[in-house]
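Chemist: Below: one structure in structure tokens.
The values are calculated or read from the model by the stated rules, or taken from the named source; none is laboratory data. From a predicted model like this one, the values you see are computed outputs, not experimental measurements. Cβ: placed from backbone, ideal geometry, glycine included. Neighbour counts: every protein chain shown.
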Amino acid sequence: MANYITGAGAKRLQEELARLWTKDRPHIVREVAEAAAQGDRSENAEYIYGKKKMREIDRRIQFLRKRLESATVVTDPPDRNAIFFGAVVVVEDEDGIRTTYRIVGEDEIDLAQKHISWRSPIGAALLKKKAGDTLVVRRPNGELELTIVSFSYPSE
């Protein structure tokens, strides 16, 4: 399965990886070493918590490395006259409510900002459509009719 990501999304993952590797992990390593120097590790809460935190950071570092290695950064759509990955789409539902979505990769989903996956029901239904098209989205809680008002491709 393809792991598509926008340029901005790849940059955010790279920045998180760099922060974890250069700031967070060394800080926790120092804390664990200080806690270990206090003696009995079996009942040392700071040591136990620090080791747990370090494992969490190491897992996240490993996850980010794998995701970035397998990622395909999409910079340009194959056709700017239709909706593809990376597009910002304005839709209107049957009640006249307009919503703006950005179609992004799975590592970039942010529902608060209306960044939806290209594999989500709405994201997948929007692909290859054009302004003025009406589509029916099948969701777990029922069908939703949307009309595409406009779309654009932001420069990153």
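Chemist: Pick out the one residue from 12, 80 that is within 30 Å of residue 149 (Cβ to Cβ), in contact (Cβ under 8 Å) with a residue 40 or more places away in the chain, out of contact with any His (no Cβ under 7 Å at 6 or more places or on another chain) and not in a helix (DSSP H, G or I).
Modeler: From the options 12, 80, the qualifying one is 80.
Chemist: For the stretch 16-31, does any single residue satisfy the condition of being within 16 Å of the chain's Cα centre (by Cα), surrounded by 11 or more Cβ atoms within 10 Å (Cβ to Cβ), in a helix (DSSP H, G or I) and acidic (Asp, Glu)?
Modeler: Yes, the conditions are met somewhere in the stretch 16-31.
Chemist: Another question, then. Out of the residues in the stretch 85-125 that are assigned to a helix (DSSP H, G or I) and in contact (Cβ under 8 Å) with a residue 24 or more places away in the chain, state the one that is farthest from residue 148 (Cα to Cα).
Modeler: The qualifying residue farthest from residue 148 (Cα to Cα) is 107.
Chemist: Does at least one position in the stretch 125-144 carry a residue that is closer than 30 Å to residue 25 by Cα, surrounded by fewer than 15 Cβ atoms within 10 Å (Cβ to Cβ) and among the polar types (S, T, N, Q)?
Modeler: no
Chemist: Can you tell me which of (1) more than 21 Å from residue 143 (Cα to Cα); (2) under 17 Å from the mean Cα position of the chain (by Cα); (3) surrounded by fewer than 18 Cβ atoms within 10 Å (Cβ to Cβ) is the one residue 111 doesn't meet?
Modeler: (1)
Chemist: Can you go through 57, 83, 103, 61 and tell me which one is more than 30 Å from residue 35 (Cβ to Cβ), more than 13 Å from the chain's Cα centre (by Cα) and at pLDDT 95 or above?
Modeler: Sole residue among the options that is more than 30 Å from residue 35 (Cβ to Cβ), more than 13 Å from the chain's Cα centre (by Cα) and at pLDDT 95 or above: 83.
Chemist: State which residue is farthest from residue 56 (Cα to Cα) when the search covers only the stretch 28-42 and only residues that are small (Gly, Ala, Ser) and without any contact (Cβ under 8 Å) to a residue 12 or more places away in the chain.
Modeler: Among those residues, the one meeting the criterion is 39.
Chemist: Any residue in the stretch 53-74 that is free of Cβ contacts under 8 Å to residues at least 40 places away in the same chain and over 17 Å from residue 23 (Cα atoms) sitting within a Cβ distance under 6 Å of a residue that is part of a strand (DSSP E or B) and not charged (D, E, K, R)? List the pairs, counting only those 6 or more apart or interchain.
Modeler: Close Cβ pairs satisfying both conditions: none exist.
Chemist: Give the stretch 136-150 a look and list any residue that's out of contact with any Ser or Thr (no Cβ under 8 Å at 6 or more places or on another chain) and modelled with pLDDT of 95 or more, or say none.
Modeler: Within the stretch 136-150, 149, 150 meet the criteria.
Chemist: Which condition number in (1) out of contact with any helix residue (DSSP H, G or I) (no Cβ under 9 Å at 6 or more places or on another chain); (2) of a type in the set (Gly, Ala, Ser); (3) surrounded by 14 or more Cβ atoms within 10 Å (Cβ to Cβ) is the one that residue 71 fails?
Modeler: (1)
Chemist: Additional query: Can you tell me which residues in the stretch 126-153 are assigned to a loop (DSSP other than H, G, I, E, B) and either in contact (Cβ under 8 Å) with a residue 24 or more places away in the chain or not assigned by TED's automatic domain parsing to the domain that holds residue 98 (or both)? Explain how you work it out, then say what you get.
Modeler: Quick first cut of the stretch 126-153, residues assigned to a loop (DSSP other than H, G, I, E, B) only: 127-133, 140-141, 153.
Hits for the stretch 126-153 are 127, 128, 129, 130, 153.
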